[in-house]
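Enquirer: For reference, the structure I am asking about is given below.
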Amino acid sequence: MVHIRSANESDFPALLHVQQAAFGEYAGLYKVSGWTTETLDSLKEDAREKHIFVAEEGETIVGSVRFWAVAGVCVIRLLSVSPTHQRQGVGQALIREIERAPTDAHKFYACTMLRTAGNIQFFMNLGYKAETILPDHYDHLDLIFFAKYR
């Protein structure tokens, strides 16, 4: 059974390990070094401004996600699930926990890489609608943005 909770600093090494493994799967498709080489220091800095949830199975972190609200929009980023736990509801549980979190957001906003059909279907299955495509965005990534309204 997976349990979702707020991350604490002692979780950060395991969180980075999961993130590196999850995004490492896309290394042949996209330049993902920003996500696979993030440091503990940059994660600590990010955590000062954002909320982070982790998914645990037993005492093992198997997923994480970051989010923050600005101007009524909850921005979701870096949803990461250990490759050994993908397609088992971990990502869905993390997103659902964000949707339940007390924020002033009326809109949830998430993006994924355009050439990742499984990720696109994941957000669509959760009720998110494609809103914007940004070709050749940072690091020359083609991104698709999804929105869901409360």
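The values are calculated or read from the model by the stated rules, or taken from the named source; none is laboratory data. Values in this document were obtained by computation on a predicted structure and should not be read as measured data. Note that each Cβ is placed from the backbone with ideal geometry, even for glycine, and that neighbours are counted across all protein chains shown. Accessible surface is based on the protein model in full, side chains and every heavy atom, while ligands, DNA and RNA are left aside. Shrake-Rupley method; radii C 1.70, N 1.55, O 1.52, S 1.80 Å.
Here is a yes/no grid of residues against (1) modelled with pLDDT of 95 or more; (2) of a type outside the set (S, T, Y); (3) out of contact with any helix residue (DSSP H, G or I) (no Cβ under 9 Å at 6 or more places or on another chain):
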position: D46; (1), (2), (3): no, yes, yes
position: E49; (1), (2), (3): no, yes, yes
position: I52; (1), (2), (3): yes, yes, no
position: L78; (1), (2), (3): no, yes, no
position: R115; (1), (2), (3): no, yes, yes
position: I120; (1), (2), (3): no, yes, yes
position: H140; (1), (2), (3): no, yes, yes
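Enquirer: Among the residues of the stretch 116-150, count how many are assigned to a loop (DSSP other than H, G, I, E, B) and under 18 Å from S80 (Cβ atoms).
Expert: Selection size over the stretch 116-150: 4.
Enquirer: Would you check if F67 is closer than 28 Å to N8 by Cα and part of a helix (DSSP H, G or I)?
Expert: No.
Matching residues to (1) more than 19 Å from C74 (Cα to Cα); (2) open to solvent by 70 Å² or more (accessible area, probe 1.4 Å); (3) more than 14 Å from the chain's Cα centre (by Cα); (4) free of Cβ contacts under 8 Å to residues at least 60 places away in the same chain:
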{"site": "R100", "(1), (2), (3), (4)": "no, yes, yes, yes"}
{"site": "T103", "(1), (2), (3), (4)": "no, no, yes, yes"}
{"site": "K107", "(1), (2), (3), (4)": "no, no, yes, yes"}
{"site": "A110", "(1), (2), (3), (4)": "no, no, no, yes"}
{"site": "R115", "(1), (2), (3), (4)": "yes, yes, yes, no"}
{"site": "I120", "(1), (2), (3), (4)": "no, no, no, yes"}
{"site": "F123", "(1), (2), (3), (4)": "no, no, no, yes"}
{"site": "G127", "(1), (2), (3), (4)": "no, no, yes, yes"}
{"site": "H140", "(1), (2), (3), (4)": "yes, yes, yes, no"}
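Enquirer: Only one of (1) in a helix (DSSP H, G or I); (2) closer than 18 Å to Y26 by Cβ; (3) open to solvent by 30 Å² or more (accessible area, probe 1.4 Å) fails for R77. Which number is that?
Expert: (1)
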